[in-house]
Amino acid sequence: MRGRVSTDVTIKDIARLAGVSVSTVSRVVNRSGLVAPNKRLAVEHVLSQVNYIPNNAARALVKRRSMTIGLIVPTLSNPIFAPSIGAVETVLAEHGFGLLISCSHRDPEAELAQSRTMIERGVEGIIFTGSYRHPGVMPMIAARGIAAVSQDDPEGAPGLLSIGMPDAAAMACAIDELVARGHRRIGIVTGPTRNTRPIADRLSGGLARLAEHGIALGDAGVTEASDYSAEAARLATRKLIQQSQDLTAIACTGDMPAIGVVAECMAQGIRVPDDISITGCGETIMAQYVHPSLATVRLPFAELGRLAAQGLLDMIEGRPAAPVAPLDYAFVPGNSIRSV
């Protein structure tokens, strides 16, 4: 049977071949209702043998449901978003939903256009990432009764379930670790703050905690990269080092800028951590490939995605969204810092 085209086979054929009822096949295909393990295995075996693919377009017309969710992320080039995307997909798959992903490149106009396209494709809900919305997005969604959730968003908007990350507290945690190791001459390299609220929050959290420790940074103590590329981080590092040549540590608002900082220090013959300590924030997968290993702050991006997906499903099914407890964070010691 293997290799037969799925359009040749109906649910009735599958039921006959598996020795079960049509309703049992329907429950297995639609992932709904309880099915005895032996019957499920029999149906799944037949499905795999005949390469059966459900006609979701036709089913959507009958049920008036697409069972599809849209997810818009700022970029796919930064690995920090991978855990949340994976968690969203896992939760949705467990409930029989498919996922469409778009990348806005942090452009509100692009996010508006992608939202419109997703609505035209019949998505039942949209998960946004970040705080900066085009003013036309929420009215468009509200007018069509589309469920919406925003992840990594402390700001929120009317009609939008928002789940924020402890970005300011995470950056403050990195500062605490540096100060505990005796550092007082600390500079900051940050990613762009204009269009990325979490990065802006991390910067403000770091500056506030430095002030609490009695460490005041003037304009010379902070440099902002123009984008998230390694070259932009290296340029920001050169500027910081030229302005503040007595630094013993650099705290970065993300792991990606921190990787660029490490590279620039090494290029200038500044040893990490012997001459200068460096911390990141976010614990991306890239941090493990840096030498020396990057000290950073773990943020629960997988849990963020899980909560966003579950919250959206609750909205779609008309259930009250469960209260979201504050998300946790933790410092991850690496070899890029030392005591002074």
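The values are calculated or read from the model by the stated rules, or taken from the named source; none is laboratory data. Just so it is clear, the model here is predicted, and its values are computed rather than measured. So basically every Cβ, Gly included, is an ideal-geometry build from the backbone, and we count neighbours across all protein chains shown. For the accessible areas, the whole protein counts, side chains as well, though only heavy atoms, and no ligand, DNA or RNA atoms are used. Shrake-Rupley method; radii C 1.70, N 1.55, O 1.52, S 1.80 Å.
Those residues that are under 15 Å from residue 326 (Cβ atoms) and among the hydrophobic types (A, V, I, L, M, F, W, C), I need them from the stretch 134-169; list them, please.
Those that are under 15 Å from residue 326 (Cβ atoms) and among the hydrophobic types (A, V, I, L, M, F, W, C): 163, 165, 168, 169.
Taking the condition over 20 Å from residue 322 (Cα atoms), in contact with a helix residue (DSSP H, G or I) (Cβ under 8 Å, 6 or more places away or on another chain), in a loop (DSSP other than H, G, I, E, B) and open to solvent by less than 20 Å² (accessible area, probe 1.4 Å), does residue 131 pass?
yes
Wholly within the stretch 222-329, which strands (runs of 3 or more DSSP E) include no fewer than the required count, namely at least 3 residues that are touching a Ser or Thr at 6+ places or on another chain (Cβ under 9 Å) and open to solvent by less than 10 Å² (accessible area, probe 1.4 Å)?
249-252, 277-279
Got a sec? Which of 308, 216, 220 is assigned by the TED database to the domain that holds residue 89 and within 27 Å of residue 194 (Cβ to Cβ)?
308
Suppose we filter the stretch 286-307 for residues that are hydrophobic (A, V, I, L, M, F, W, C) and closer than 17 Å to residue 261 by Cβ; how many remain?
Counting residues in the stretch 286-307 that are hydrophobic (A, V, I, L, M, F, W, C) and closer than 17 Å to residue 261 by Cβ gives 6.
Scan the stretch 198-211 and tell me whether some residue there is more than 25 Å from residue 284 (Cα to Cα) and open to solvent by 10 Å² or more (accessible area, probe 1.4 Å).
yes
Tally time: how many residues in the stretch 198-221 are among the aliphatic types (A, V, I, L, M) and closer than 30 Å to residue 162 by Cα?
Of the residues in the stretch 198-221, 7 are among the aliphatic types (A, V, I, L, M) and closer than 30 Å to residue 162 by Cα.
Here is a list of conditions, (1) under 21 Å from residue 284 (Cα atoms); (2) of a type outside the set (D, E, K, R); (3) part of a strand (DSSP E or B), and residue 84 meets all of them except one; can you say which number that is?
Checking residue 84 against (1) under 21 Å from residue 284 (Cα atoms); (2) of a type outside the set (D, E, K, R); (3) part of a strand (DSSP E or B), the one that fails is (3).
If a residue must be out of contact with any strand residue (DSSP E or B) (no Cβ under 6 Å at 6 or more places or on another chain) and open to solvent by less than 40 Å² (accessible area, probe 1.4 Å), how many such residues does the stretch 183-194 contain?
3
So, of the residues in the stretch 49-89 that are closer than 30 Å to residue 198 by Cβ, surrounded by fewer than 21 Cβ atoms within 10 Å (Cβ to Cβ) and of a type in the set (A, V, I, L, M, F, W, C), which turns out to be modelled with the lowest pLDDT?
Only one residue tops the list, namely 76.
Counting only residues that are crowded, with 18+ Cβ neighbours inside 10 Å and either in contact with a Cys (Cβ under 7 Å, 6 or more places away or on another chain) or under 28 Å from residue 227 (Cα atoms) (or both), how many does the stretch 113-128 have?
Of the residues in that region, 6 qualify.
Would the stretch 212-219 turn up any residue that is buried (at least 21 other Cβ atoms within 10 Å of the Cβ) and touching a residue at least 12 places away in the same chain (Cβ under 8 Å)?
The answer is no; no qualifying residue exists.
Quick one: in the stretch 148-180, which of the residues that are charged (D, E, K, R) and in contact with a Lys or Arg (Cβ under 9 Å, 6 or more places away or on another chain) is most open to solvent (accessible area, probe 1.4 Å)?
155
Could you list all residues from the stretch 165-198 that are under 30 Å from residue 274 (Cβ atoms) and aliphatic (A, V, I, L, M)?
169, 170, 171, 172, 174, 175, 178, 179, 180, 186, 188, 189
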